[in-house]
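Some notes on the structure that comes next.
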Ligand SMILES: Cc1cc2nc3c(=O)[nH]c(=O)nc-3n(C[C@H](O)[C@H](O)[C@H](O)COP(=O)(O)OP(=O)(O)OC[C@H]3O[C@@H](n4cnc5c(N)ncnc54)[C@H](O)[C@@H]3O)c2cc1C
């Protein structure tokens, strides 16, 4: 079985030395979030995830969820429900939520670190509370006052959970195609009818009620995505006064049998005139949906990070224990029958790739948390607006890169085990299988790529990119003459210049041929991701030098930064070349010649 120990040293390094989180907490008026409080939260989260959730990971994979066709009820794997009870008793569901609704109001920066640990310990279990966050965000931002009063406290406290019901059999990415209908009832509610598929945590045995946030179309809906509305549709009916009534006409028809995350219930949900309440404006569902999706996209990005972290811990342990062959430069442990495999350059390539990408994306992810806190609490509206634009720009990069690298990392970590990685007993194959879903749900990588180059760049005159490059340049000018960092500063500046040039070229080409946008999108996304992480590795190098942490930790940070700049960042060269090749090589072959 794979182990999990939360990487608290690295999380603390990023909080204290890289992001200087305490200054931000003070600036945002979080006087109560002292270093002791931060330590207490991180240590308790590490204990809960390491001792309660992590041991249930393999149980979830072995047992999966069970669906009773007669009642529509779903039973979760052994121990999952009890773990959820402990999670609620510990106050974890409302860690970052508004105290007005029963939350603890702690910074998102801390909440993200706790989510990383949950995902690392047990991704399938973590999916049950995950979408409640999106539901809470949507209701906070778009719900009527009574809806906030009635739905938010139980969701925030974890007495109820939330779902996001978007997907239908014929409509996934293109939500404009959806067919679920909402007919007005006399009491101001709506009758929701239709079938949603792939609904995470659509049914389970954790809580008394489940609030489904359902996208549907009103009778007078304009065609396409502009005609979508959002409805809060609980499993048990909820009246305006908060009283919970009879069973609603929504039922789980079946659950899916999947490649991974077997402990997570992926449900077909049938709505048969179920009572739902309109959330936000009629036909304004797309806006509310983006509120839910942005929160969920950052959450899914953390799944890639969590899995990578656990995969690394186990691959490293194995590479130190497993004895095979001698080092090319002569025996390193002559008293043993062979050297541990960590002496071999190829094993080090895999380990360091996982380490550099994992620690790099942890900085990227925690920066997003930092920006969410600025966007929510900064006193200066200009700071709030800047943070909002920046986190919007970085969200598709975080979601897509963290999940794609999560797959790469779990595969590399599995490879370190040789054939033993393929055997279930070690738990590495579960991590690799679980990682596979993360690039698919909450918008595939291809869709994140289109979001980045389209909505977040072309449609906004590259506002987010410009803000990010301002931050990079501020750091680079401060360190350009630094004897130790100067060369990497020059490399990063080169890549940023190229990033800007590629952006201009793509947008220019797309003006003449829109396919150029789609043809460049995937490579542009990764180009962006590798440069973002290079910036964080440079900041980590500077922070490590100034840090009071042990020498060994600081030296490892500098060595990993070196590896990133020399062996990972050059991947941008291939992405740039692919972008420059343009749409021709992708579009010239007619669709009916693909089998020629
Ligand atoms: C385990 C699991 C859990 C899920 N949980 C939920 C949930 O809780 N709620 C929910 O509503 N949904 C959920 N989903 C659905 C998930 O979000 C969708 O599967 C996903 O958005 C893709 O939609 P699709 O499967 O219909 O693929 P399609 O939209 O049919 O896409 C097929 C392929 O075409 C590509 N593609 C499509 N359109 C474009 C385009 N315009 N440009 C470029 N490429 C394009 C896609 O990237 C993909 O590679 C879940 C799915 C799974 C498997």
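Since every read-out is calculated from the coordinates, none of them should be taken as a lab result. Every value quoted in this text rests on a predicted model; they were computed, and no experiment measured them. When we count neighbours, we look across all protein chains shown, and the Cβ atoms used for this are built from the backbone with ideal geometry, even at glycine.
Observations on the model:
- Cβ-derived FRET efficiency at R0 45 Å, residue 66 paired with residue 573, nearest 0.05: 0.35
- If R0 is 25 Å, the Cβ-Cβ spacing of residue 423 and residue 257 corresponds to a FRET efficiency of close to 0.70.
- The label-point distance for residue 483 and residue 141, in a model that sets each label 7 Å from Cα toward Cβ, rounds to 4.9 nm.
- Calculated over region 82-123: convex hull of Cα atoms, volume per residue (Å³): 63 Å³
- For the chain, the antiparallel share of DSSP beta bridges with both residues in that region comes to about 80%.
- Peptides ranked, highest mean first, by Cβ atoms within 10 Å: ranges 142-151, 499-508: 142-151, 499-508
- According to the calculation over all Cα-Cα pairs in region 444-585, the P(r) per 5 Å bin from zero is 2, 10, 19, 20, 17, 12, 9, 6, 3, 1, 0, 0 %.
- Taking 0.36 nm per residue of sequence separation and removing the Cα-Cα distance, the residue 555/residue 239 pair yields an extension gain of 107.8 nm.
- Region 1-100: radius of gyration over Cα atoms, expressed as a fraction of 2.2 N^0.38 Å: 1.42
- Computed from the C-beta positions of residue 594 and residue 78 and an R0 of 51 Å, the FRET efficiency is 0.60 to the nearest 0.05.
- Volume per residue that the Cα convex hull of region 49-107 spans, once the total is divided by residue count, Å³: 112 Å³
- Rounded Å value of the spacing that divides the Cα centres of region 96-122 and region 487-521: 36 Å
- In the chain, the DSSP-assigned H stretches of four residues or longer account for a calculated mean residue ellipticity at 222 nm of -18000 deg cm²/dmol, using -39500 (n - 2.57) per stretch and the full residue count as denominator.
- Compared with the direct C-alpha span, the chain from residue 497 to residue 179 gains 109.9 nm at full extension, assuming 0.36 nm per residue.
- Distribution of pairwise C-alpha distances over region 187-315, 10 Å bins, in %: 12, 34, 34, 14, 5, 1
- Over region 536-584, the Kirkwood radius and the radius of gyration, each from Cα atoms, give a ratio Rg/Rh of 1.26.
- Principal axis extents of the Cα atoms in region 473-557, from largest to smallest and rounded to whole angstrom, are 55, 23, 16.
- Projected label distance in nm at residue 566 and residue 511, using a 7 Å step from Cα toward the beta-carbon: 4.3 nm
- Helix axis angle, 123-142 relative to the chain longest principal axis, alpha carbon, degrees: 60 degrees
- Semi-axis lengths, largest first, of the ellipsoid equivalent to the chain are 38, 29, 25 Å, with √(5λ) applied to each eigenvalue of the Cα gyration tensor.
- Take each peptide in 282-290, 515-523, 28-36, 567-575, count the other Cβ atoms within 10 Å of every residue, and average; sorted highest first, the result is 515-523, 282-290, 567-575, 28-36.
- Taking Cα atoms only, the orientation of helix 515-546 departs from the longest principal axis of the chain by about 60 degrees.
- For peptides 324-331, 202-209, sequence by mean Cβ density within 10 Å, most packed first: 202-209, 324-331
- The ellipsoid that matches the Cα gyration tensor of region 71-171 has semi-axes, each √(5λ) in whole angstrom, of 21, 19, 14, with the longest given first.
- On full extension, the segment bounded by residue 336 and residue 100 gains 78.8 nm, given 0.36 nm per residue less the C-alpha separation.
- For region 369-432, diffusion coefficient by Stokes-Einstein and Kirkwood Rh (Cα), 20 °C, 1.002 mPa s, µm²/s: 152 µm²/s
- Taking the C-alpha atoms only, the angle from helix 80-89 to the longest principal axis of the chain is near 90 degrees.
- For region 221-268 versus region 52-93, the spacing of their alpha-carbon centroids is 19 Å.
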